[in-house]
Each structure stands twice: as C-alpha cells, then as structure tokens.
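The values are calculated or read from the model by the stated rules, or taken from the named source; none is laboratory data. Since the structure is predicted, the reported quantities are computational estimates derived from the model, not experimental observations. Neighbour counts run over all protein chains shown; Cβ positions are idealised from the backbone, glycine included.
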Amino acid sequence: MFNARSGPIGLAGVVLSTAIASNALAQPASVVVDTVRLEEVEIWRQVTGELQSLRRSALAAQEPGLVVQLTVEEGDAVETDDVVAVLDTTLAEIAIESALAQISAVESDIQRIDVEMAQAQRDLDQINRMSTQDASSVNEVERANTLVARLNAQLARADAELSAASIRHRDAIERRDDMTIRAPFPARITRKHTELGQWVDRGDEVFELVSLRQIEARLHVPEALIWRVKEGITKVRVHIAAMRDPVEGEPGRTVPHEELAKVVRIIPNADPRTRQFTIRVPITNTHGLGRPGMSVIGFVPAGGFAPEITVHKDAILRDDAGEFVFYDAGGQAMPARIRLKYATGDRVAIMPGQLEPGMRVVVEGNERLYATQPLIITSELPSDQAALPEDKDAG
C-alpha cells in the first residue's frame with residue numbers, strides 16, 4: 001500500500017506561492033526524482049468494509065441487587081478484573097453469617113456425639129467381655145449395640161448437615177463476590193445500561209464493552225472474485241484513512257494505516273442483495289487508534305496483469321483536496337493532482353491525467369517544495385525497479 005504524505009500546501013496555496021516566487025529570488029531545492037512509468041502490473045480490485053472487534057461483551061449482572069457503586073463511564077478503558085459496578089451485598093452477608101453460625105452449631109453437635117460415641121463404645125466393649133463370663137444379660141448387650149448404632153446415625157446426619165451448611169456458606173460467598181461486577185478482558189466501555197440506585201435482576205445488562213487490542217477488517221468481496229481468495233494464503237492490502245499512524249522520526253506527522261495481511265476466514269454466506277462474501281483480515285492496532293465501525297478500503301488480487309501508469313509511493317503528498325505530486329518542469333517544481341487506483345510494491349497505479357510516462361516526479365525533498373521553485377536533482381531512482389506483485393501466491 002502507499003502512504004501519502006501530508007504536503008505543506010494545496011493547489012490554492014501553490015498559486016499563491018507561484019506569485020510570491022515570481023517576485024523574489026527562489027532558493028533551489030536539492031531533490032531525488034523518479035520516472036513516471038507505464039508498466040505491466042498485477043491487477044487489484046478495490047473493495048470496501050469496516051473494522052470490527054474480535055472481543056465484545058454485554059456485561060450482565062449474575063445476581064439481583066441494588067446498584068450501590070459505578071466506577072466507570074462510557075469511553076473509559078478497563079483492564080481484566082477491574083471493578084466496573086458493585087451491587088448491595090447486605091443479604092449475601094447475612095446469608096454468609098447464617099451459614100457460619102449453622103456450621104459452628106453442627107460442629108458442636110459432632111463433638112458431643114464423638115464424646116458420647118467414645119463412652120458408648122467403651123461400655124459396649126466392657127459388656128461384651130462380661131458376656132463371655134456370663135456376667136451380663138442379652139438385653140444389656142443389645143441395648144449397648146443399639147446405642148452405638150444410634151450415635152453412628154446421629155454422627156452421619158451431623159456430617160451431612162455440616163456438608164450442606166458448608167455448601168450454603170460457599171454459595172453465599174460466591175453470590176456476594178458476584179455482586180462485584182468485573183471486566184472480563186481489557187476493553188473500552190461503549191454503553192452504560194444502569195444508574196446508581198437502580199435495581200437490576202439476574203441477567204440484566206450493566207455495561208457493553210469492546211476490546212481494541214484485537215480488531216479485524218471485514219471486507220466485502222464480489223462473488224466473481226471470491227474464488228481467488230484462499231484462507232490462510234491470500235494476502236490483501238488494507239487502507240484505513242481514519243486510523244492514523246505516527247511517522248517515526250517526524251513528530252506530529254501521521255499517515256493512514258496500511259498493511260498487507262492474510263485472509264484468516266471467509267464467511268460462506270453471501271449477502272442476498274449484493275452477492276458479496278465477507279472476508280476477515282486481522283489488523284495490527286499497535287497504537288490503539290483503530291475503532292470498530294471505521295471504514296476500510298481493501299484491495300484483493302483480481303488475476304492477470306495490465307498496463308498502468310505508476311509513480312513511486314514516496315512521491316505522493318496529500319492535502320485537504322486529495323493527493324498530488326511535484327514533477328520536474330524543466331528544472332522547476334510544478335504540482336500535479338493525481339487519482340490513486342491501487343498500490344503494487346513500492347509503486348502506486350494512478351488514473352490517466354496530467355502525468356505521462358517519462359516525466360520525473362520528486363520522491364525526496366518534496367515536503368517543502370512550492371510551485372516554480374528551482375530544482376537541483378542530486379540523484380534518480382534506478383529505472384529497473386519494476387513494480388512486481390509482492391506475493392505470487394496471493395491468488
């Protein structure tokens with residue numbers, strides 16, 4: 001893809017600069033130039049689409065309750081496990097205390113039963129020894145066995161009650177913890193569904209949030225071209241004008257985000273109205289400037305080659321009116337408006353217009369040029385750098 005650089009003047013400013021330059025001695029500019037070419041390049045078809053996040057969520061309440069705290073607003077950034085809302089936990093705290101009290105009571109019963117069981121077992125052992133000497137009756141032995149069995153049953157029941165009370169305790173703690181609503185992943189809050197003091201039921205939405213760390217372009221490809229797109233193989237060119245990337249070494253200057261990326265998935269259902277298929281292309285969002293819903297221009301390989309007029313990408317400047325270049329007009333800089341078609345390697349195919357093959361355009365030193373400024377051409381890019389497709393397997 002290309003990165004059109006922001007020029008210091010538009011064509012209206014060029015006219016003014018021309019008038020000024022005609023009345024003053026112009027300072028020559030040292031520049032590097034490249035030739036406008038007519039060459040065979042791979043054909044790319046422009047498609048459109050939009051950015052989408054791979055992770056979005058409608059964060060809902062897991063427990064009913066009164067909203068007593070909201071810690072974020074729409075647009076705020078959150079990290080994993082950040083608290084976004086808190087519900088009233090009074091009833092859950094009561095349930096926890098009640099379960100703890102029941103656990104304490106049951107544990108006391110178990111201790112009492114253990115003491116009684118130990119005594120009953122000693123009595124049973126003594127009666128059994130006496131029965132071997134005919135010193136105890138059958139009824140005494142049976143009563144002792146019955147007491148031990150009854151205490152065992154009481155102990156089993158107490159153990160079950162202890163387990164049930166422990167479960168209720170854990171459940172109450174979990175319900176209390178669920179009343180603190182946390183972000184499930186790093187994201188931005190996009191919508192708020194509740195207010196402080198409002199009652200929410202289980203399942204009611206509290207916030208909507210979307211991740212900006214994992215985004216993708218969803219491009220809509222005509223059915224006539226979709227057969228050329230292969231998952232995990234085909235690479236497409238992506239241009240996002242609203243997603244500006246800073247230029248390294250040039251503070252304050254930004255360019256539209258552009259990258260070449262592989263198609264990860266093809267959604268197999270075509271839109272019945274447009275007969276287009278949607279393809280998914282992961283996008284690098286290093287600076288977090290990509291936003292779901294931003295428009296995207298993509299270029300997919302259309303197959304074959306065709307003659308196109310091309311210019312080097314570094315020759316392209318941009319102002320509010322669009323793209324333009326400076327060309328060498330007999331030793332003077334002159335601006336020319338261009339209309340872009342698609343990028344191919346380090347060059348960009350343009351629509352026929354003011355530029356013709358063989359003309360020389362400025363590729364270095366063009367940021368501060370003005371119309372009719374004298375040029376000192378220090379060098380020219382090699383003419384044998386043909387604009388070849390970057391990936392032979394793209395289709």
Check your understanding: Do we find that I266 is free of Cβ contacts under 8 Å to residues at least 60 places away in the same chain, of a type in the set (V, I, T) and either within 30 Å of V32 (Cα to Cα) or in a strand (DSSP E or B) (or both) in this structure?
Key -> yes
Point to revise | Residue count for the range 292-333, restricted to those that are closer than 17 Å to D346 by Cβ, in contact (Cβ under 8 Å) with a residue 60 or more places away in the chain and among the β-branched types (V, I, T) | key: 4
Exercise for review: Consider A77 carefully, then state whether it is under 23 Å from the mean Cα position of the chain (by Cα), within 22 Å of I240 (Cβ to Cβ), outside the structural domain of V229 (by TED's automatic domain parsing) and of a type outside the set (D, E, K, R).
Suggested key: yes
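Residues are listed down the side, and each one gets a yes or a no for (1) among the hydroxyl-bearing types (S, T, Y); (2) assigned by TED's automatic domain parsing to the domain that holds G203; (3) exposed (fewer than 12 other Cβ atoms within 10 Å of the Cβ):
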| position | (1), (2), (3) |
| --- | --- |
| V67 | no, yes, no |
| T71 | yes, yes, no |
| S98 | yes, no, no |
| V115 | no, no, yes |
| R122 | no, no, yes |
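Of the residues G353, G358, G365, which single one is surrounded by fewer than 17 Cβ atoms within 10 Å (Cβ to Cβ) and within 26 Å of A26 (Cβ to Cβ)?
Values: G353 fails: within 26 Å of A26 (Cβ to Cβ); G365 fails: surrounded by fewer than 17 Cβ atoms within 10 Å (Cβ to Cβ).
It is G358.
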Practice item. Can you tell me which residue within the range 203-224, out of those that are under 8 Å from the mean Cα position of the chain (by Cα) and in a strand (DSSP E or B), is nearest to V238 (Cα to Cα)? Key: E216
Practice item. Please specify each residue of the range 299-331 satisfying the condition of being surrounded by fewer than 17 Cβ atoms within 10 Å (Cβ to Cβ) and either of a type outside the set (D, E, K, R) or outside the structural domain of T35 (by TED's automatic domain parsing) (or both). Key: G303, G304, F305, A306, P307, A321, G322, A329, G330, G331
Practice item. Output the number of residues of the range 287-333 satisfying the condition of being aliphatic (A, V, I, L, M) and either touching a Pro at 6+ places or on another chain (Cβ under 7 Å) or over 21 Å from V47 (Cβ atoms) (or both). Key: 10
Review point. Is it the case that the range 275-290 has a residue that's assigned to a strand (DSSP E or B), among the charged types (D, E, K, R) and surrounded by 14 or more Cβ atoms within 10 Å (Cβ to Cβ)?
Key: yes
Practice item. Name the residue, out of N269, N285, that is in the same structural domain as T234 (by TED's automatic domain parsing), closer than 24 Å to L212 by Cα and either modelled with pLDDT under 95 or of a type outside the set (G, A, S) (or both). Key: N285
Practice item. Please enumerate the residues belonging to the range 231-245 that are over 18 Å from the mean Cα position of the chain (by Cα) and either under 14 Å from T284 (Cα atoms) or in contact (Cβ under 8 Å) with a residue 60 or more places away in the chain (or both). Key: I233, T234, K235, V236, R237
